[in-house]
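Take a look at the structure below.
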Amino acid sequence: MSLKVGDTIPNFSAIDNHGDLFESQTVIGKKPVVIYFYPKDDTRVCTEQACSFRDQYEEFKALGAEVIGISSDSLHSHISFVTKHQLPFILLSDFDKNIRKTFGVPNDYFGLIPGRATYVVDTNGVIQFVFDSTSGKIHIEKALEILKTM
């Protein structure tokens, strides 16, 4: 099952980069949210993507949106990644890939690497945009375009 435009985001929970349990219903349905799935902390494209979200984070906040990054990396990896690159948004550890499976994020490169996908969700928790591309930076541009129309 792949989530698509018009679907409501299901409830999910995961450990965030502070070591706390993040529960989606604390944010989803309360404000716009950009949820992005990425393959791995501290790899070239994933770092470029995270730093692009960081560099434009104030623009997301000005639009009332929260940014949440999700990968299967460990809490320790996320803490290091956030600290090293001064990321101001939440990273979730989906170590068992259940959230990725719930969203239906496909793998890239013949199924070898976890896929990269971005979901823009409105204040009602409904998906307004889904973008799947191996290029990292374009996810930020597309997400901002959609948020500006909501």
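Every number here is computed from the coordinates shown, using simple stated rules; none is lab data. Quantities reported herein were computed from a predicted structural model and do not represent experimental measurements. Cβ sites come from the backbone with ideal geometry, for glycine too, and all protein chains shown count toward neighbours.
Using a 7 Å offset from the Cα along the Cα-to-Cβ direction at both residue 145 and residue 45, what is the distance between the two label points in nm, to one decimal?
1.9
For residue 31 and residue 84, calculate 0.36 nm times their separation in residues minus their Cα-Cα distance, and state this gained length in nm to one decimal.
16.3 nm
How big is the dipole moment of segment 66-109 about its Cα centre under a simple scheme where the beta carbon of each Lys and Arg is +1, that of each Asp and Glu is -1, and everything else is neutral? Debye, nearest 20, please.
40
Tell me, what is the Rg over Rh of segment 1-86, with Rh the Kirkwood radius over Cα pairs?
0.95
Suppose every Lys and Arg Cβ carries +1 and every Asp and Glu Cβ carries -1, with no other charges. What dipole size does segment 4-124 come out with about its Cα centre, to the nearest 20 debye?
Dipole magnitude for segment 4-124 comes out near 200 debye.
Rounded to the nearest 500, what is the 222 nm mean residue ellipticity of the chain from helices alone, with -39500 (n - 2.57) per DSSP H run of 4+ residues and division by all residues?
Estimated from H runs of four or more residues: -9500 deg cm²/dmol.
Compute the relative contact order of the chain as a whole-number percentage, counting only Cα pairs closer than 8 Å that sit 6 or more residues apart in sequence.
33 percent.
Specify the longest stretch of the chain that does not include any exposed loop site, a site being one of the chymotrypsin sites (Phe, Trp or Tyr not before Pro) with a non-H, G, I, E, B DSSP assignment and at most 15 other Cβ atoms within 10 Å.
1-94
Pick out, from 15, 87, 47, the residue whose Cα sits farthest towards the positive end of the charge dipole of the chain, with +1 on the Cβ of Lys and Arg and -1 on the Cβ of Asp and Glu.
So the residue we want is 47.
What's log10 of I(q)/I(0) for the chain at q = 0.11 Å⁻¹, Debye sum over Cα points only, no solvent?
Evaluating at q = 0.11 Å⁻¹ gives log10 I(q)/I(0) of -0.35.
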